[in-house]
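Worksheet for the structure shown next.
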Amino acid sequence: APTPSQNQGGVGAVPALSNHHLSNGPHWNPGINQHQHHLHTTRSLDRALEDSVCSGTLNLSGRKLRDYPGLSYDLTDTTQADLSKNRLTEIPPEVCLFAPLESLNLYHNCIKCIPEAIINLQVLTYLNISRNLLSTLPKYLFNLPLKVLVVSNNKLLSVPEEIGKAKELMELDISCNEIQVLPPQVGRLRSLRELNIRRNCLHMLPEELADLPLIRLDFSCNKITEIPPVYRRLRQLQHIILDNNPMQSPPAQICLKGKVHIFKYLNIQACRMDKKPDSLDLPSLGKRCLPQPLTDRYTLLYHIRILFINWVVRALNANWLTTNNNTGMTKHVFLLDFCRSQPIRFLYVGVAFCRSSRQESSDPSFTMRRKMEHLREEMEQIGVLRQNLESRLKVLLPDDVGAALMDGVVLCHLANHIRPRSVASIHVPSPAVPKLSMAKCRRNVENFLDACKKLGVSQDKLCLPHHILEERGLVKVGMTVQALLELPASKPTQLSAV
């Protein structure tokens, strides 16, 4: 051994220190550590099996098991079993003998088939066998009282017709497979609330889904081009996920706007499929009776529009409409302009027109002229209202004046323009919340009407809140605004001068 003088500050000091360390410290042996780890794993596995005997909950998740380890334990009273994240190639036969088993989690294994012995689990309500190697679902699986079935991330090519027997199924997840067609028997799952068919090879959706009480529907990442119009009957649907599909009906720009716009489109498509014309088809427009009771709001509005246009066409053919000498514009052109700029009011006027036309059918020429004169006068008064607001506030209002005034913001600003601080607080939209709630809209409208009263607008010229909020009384609103603008100018106070 080298002397201490040779090791001081020299390179040879390193091996000397290393030898001293190795001679006094414990030696590392890979075989011993692996043996200790195996003993610890075996001990923890035995403890888990012992606990499950007492608790009725078997948790063997994430242990890399290739075989079922509980042969020497009595686990027949188990109600919940978690065998996820292992390397099982089949469902252990012993597990299929757990008669009271209610929940079975086999996520992330290597299972290729479901044995027929699973029918022994007659109280099983939850089965998760996702991320395995299944290529088919056996028919006998759907004789179980399942409420939740998760078989995503497998190699399924189809779904058996026997799925219709699972009457109690509430959640079905068959996403991330290679399924090309859903059987129509899916429409028999009367308890189904959530359906996930994401990332498959579907080209079309079965119409039978329209009769289910679905709350969530996910068919994203497929090859679907059309949503059947009958899906408008999914009244309870809250979430519909359809991204990454080559959608044509509805178009992509409508799908991006969300569920409300999608369902409006489906209602219009349903009207067209039921041969309710969207153009001036004179033979079909001559049918004034409605063939079936109209419970759908959009269908009802569509019929009203058709009936009203029918009268316009008859008036044009009978030469009832004449040219307005003042404007040089025929009244039917004026009517079409009114329909374009005020679609909601056009429908409301159509309702009143169709009702009165039944009562006054003895002289249709007189009825048409009177209605057209009334519409023309209303449009003129709305034009005056627009001009007053735009000239005073130096703003440009959209075509639909009623929608622009519905939240009361413009009207409150007008009151403050006439008399500063007439309306102390105004609820305005923000980038985060671009649309006010109905409660805030009503508060703005009521504040505007209160300000009008304080400024001296007489009661007979005041409109009502629903005239503004429901866009059904723009003429009344115009009278209120005109009366507000005609108030005598007040003496400037010190506060207003400041």
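Going by the structure shown, is I426 under 25 Å from I382 (Cβ atoms) and in contact (Cβ under 8 Å) with a residue 60 or more places away in the chain? Break it down stepwise before answering.
Details: under 25 Å from I382 (Cβ atoms): yes; in contact (Cβ under 8 Å) with a residue 60 or more places away in the chain: no.
The answer is no for I426.
Filter region 246-266 down to the residues that are crowded, with 18+ Cβ neighbours inside 10 Å and either out of contact with any strand residue (DSSP E or B) (no Cβ under 8 Å at 6 or more places or on another chain) or over 18 Å from H203 (Cβ atoms) (or both) and list them by number. Step through it out loud before you land on a result.
Residues of region 246-266 that are crowded, with 18+ Cβ neighbours inside 10 Å, as a first pass: 247, 250, 255, 262-263, 265-266.
Of everything in region 246-266, those that are crowded, with 18+ Cβ neighbours inside 10 Å and either out of contact with any strand residue (DSSP E or B) (no Cβ under 8 Å at 6 or more places or on another chain) or over 18 Å from H203 (Cβ atoms) (or both) turn out to be P250, C255, I262, F263, Y265, L266.
State which residue is nearest to E161 (Cα to Cα) when the search covers only region 228-244 and only residues that are touching a Ser or Thr at 6+ places or on another chain (Cβ under 7 Å) and in a loop (DSSP other than H, G, I, E, B).
Our first condition is that a residue be touching a Ser or Thr at 6+ places or on another chain (Cβ under 7 Å); within region 228-244, this holds for 241-244.
Next, from what is left, pick out any that are in a loop (DSSP other than H, G, I, E, B): 242-244.
On the way: L242: 25, D243: 27, N244: 27 Å.
The extreme case among them is L242.
Take L146 and decide whether it is open to solvent by less than 10 Å² (accessible area, probe 1.4 Å) and modelled with pLDDT of 95 or more.
Values: open to solvent by less than 10 Å² (accessible area, probe 1.4 Å): yes; modelled with pLDDT of 95 or more: yes.
Yes, satisfied.
Of the conditions (1) open to solvent by less than 30 Å² (accessible area, probe 1.4 Å); (2) farther than 30 Å from C221 by Cα; (3) part of a loop (DSSP other than H, G, I, E, B), I118 clears all except one; give me its number.
So I118 meets the others, but not (3).
Taking into account only those residues within region 484-498 that are at pLDDT below 55 and part of a helix (DSSP H, G or I), which is most open to solvent (accessible area, probe 1.4 Å)?
Q494
Scan (1) assigned to a loop (DSSP other than H, G, I, E, B); (2) modelled with pLDDT of 90 or more for the single condition S430 breaks and write down its number.
(2)
Based on this model, can you work out whether L58 counts as crowded, with 17+ Cβ neighbours inside 10 Å and modelled with pLDDT under 95? Full working, then the answer.
Values: crowded, with 17+ Cβ neighbours inside 10 Å: yes; modelled with pLDDT under 95: yes.
Yes, satisfied.
Report, by residue number, each residue of region 149-168 that is within 15 Å of V123 (Cβ to Cβ) and touching a Ser or Thr at 6+ places or on another chain (Cβ under 7 Å).
Answer for region 149-168, where residues must be within 15 Å of V123 (Cβ to Cβ) and touching a Ser or Thr at 6+ places or on another chain (Cβ under 7 Å): just E168.
Hey, among the residues in region 444-470 that are charged (D, E, K, R) and within 33 Å of the chain's Cα centre (by Cα), which one's farthest from L487 (Cα to Cα)?
Filtering first and then ranking leaves E470.
Any chance region 153-163 includes a residue that's open to solvent by less than 10 Å² (accessible area, probe 1.4 Å) and closer than 30 Å to P250 by Cβ? Steps first, please.
At the first step, the residues of region 153-163 found to be open to solvent by less than 10 Å² (accessible area, probe 1.4 Å) are 156, 163.
Next cut, closer than 30 Å to P250 by Cβ only: 156, 163.
Looking for residues that are open to solvent by less than 10 Å² (accessible area, probe 1.4 Å) and closer than 30 Å to P250 by Cβ, one finds at least one in region 153-163, hence yes.
Being at pLDDT below 90, assigned by the TED database to the domain that holds N388, under 18 Å from V384 (Cα atoms) and in contact with a helix residue (DSSP H, G or I) (Cβ under 8 Å, 6 or more places away or on another chain) is the requirement here; does V481 meet it?
Numbers: at pLDDT below 90: no; assigned by the TED database to the domain that holds N388: yes; under 18 Å from V384 (Cα atoms): yes; in contact with a helix residue (DSSP H, G or I) (Cβ under 8 Å, 6 or more places away or on another chain): yes.
Considered against the rule, which asks whether it is at pLDDT below 90, assigned by the TED database to the domain that holds N388, under 18 Å from V384 (Cα atoms) and in contact with a helix residue (DSSP H, G or I) (Cβ under 8 Å, 6 or more places away or on another chain), V481 comes out as no.
Taking the options C441, C452, C412, name whichever one is in contact with a Ser or Thr (Cβ under 7 Å, 6 or more places away or on another chain), over 21 Å from L375 (Cα atoms) and either in a helix (DSSP H, G or I) or open to solvent by 80 Å² or more (accessible area, probe 1.4 Å) (or both).
Numbers: C441 fails: in contact with a Ser or Thr (Cβ under 7 Å, 6 or more places away or on another chain); C412 fails: in contact with a Ser or Thr (Cβ under 7 Å, 6 or more places away or on another chain).
Just a single option satisfies the conditions, and that option is C452.
Would you be able to tell me the number of residues in region 171-207 that are of a type in the set (A, V, I, L, M) and more than 19 Å from the chain's Cα centre (by Cα)?
First, pick out the residues of region 171-207 that are of a type in the set (A, V, I, L, M): 172, 174, 179, 181-182, 186, 189, 192, 195, 197, 202, 204-205.
Imposing the further condition that a residue be more than 19 Å from the chain's Cα centre (by Cα) reduces the set to 174, 179, 181-182, 186, 189, 202, 204.
Total satisfying the criteria: 8.
Looking at A404, is it touching a residue at least 24 places away in the same chain (Cβ under 8 Å), open to solvent by less than 80 Å² (accessible area, probe 1.4 Å) and part of a helix (DSSP H, G or I)?
On the way: touching a residue at least 24 places away in the same chain (Cβ under 8 Å): no; open to solvent by less than 80 Å² (accessible area, probe 1.4 Å): yes; part of a helix (DSSP H, G or I): yes.
Against the criterion (touching a residue at least 24 places away in the same chain (Cβ under 8 Å), open to solvent by less than 80 Å² (accessible area, probe 1.4 Å) and part of a helix (DSSP H, G or I)), A404 does not qualify.
Please specify each residue of region 183-192 satisfying the condition of being surrounded by 17 or more Cβ atoms within 10 Å (Cβ to Cβ) and of a type in the set (K, R).
The one that is surrounded by 17 or more Cβ atoms within 10 Å (Cβ to Cβ) and of a type in the set (K, R): R188.
Could you please find all residues in region 96-114 being touching a helix residue (DSSP H, G or I) at 6+ places or on another chain (Cβ under 9 Å), open to solvent by less than 50 Å² (accessible area, probe 1.4 Å) and over 17 Å from L156 (Cβ atoms)?
C96, F98, L101, L104
The values are calculated or read from the model by the stated rules, or taken from the named source; none is laboratory data. Here the structure is a predicted model, which is why all the values come from computation and not from measurement. Positions of Cβ are backbone-derived with ideal geometry, glycine not excepted, and every protein chain shown enters the neighbour counts. Areas reflect the complete protein model, heavy atoms only, side chains present, ligands, DNA and RNA absent. Shrake-Rupley method; radii C 1.70, N 1.55, O 1.52, S 1.80 Å.
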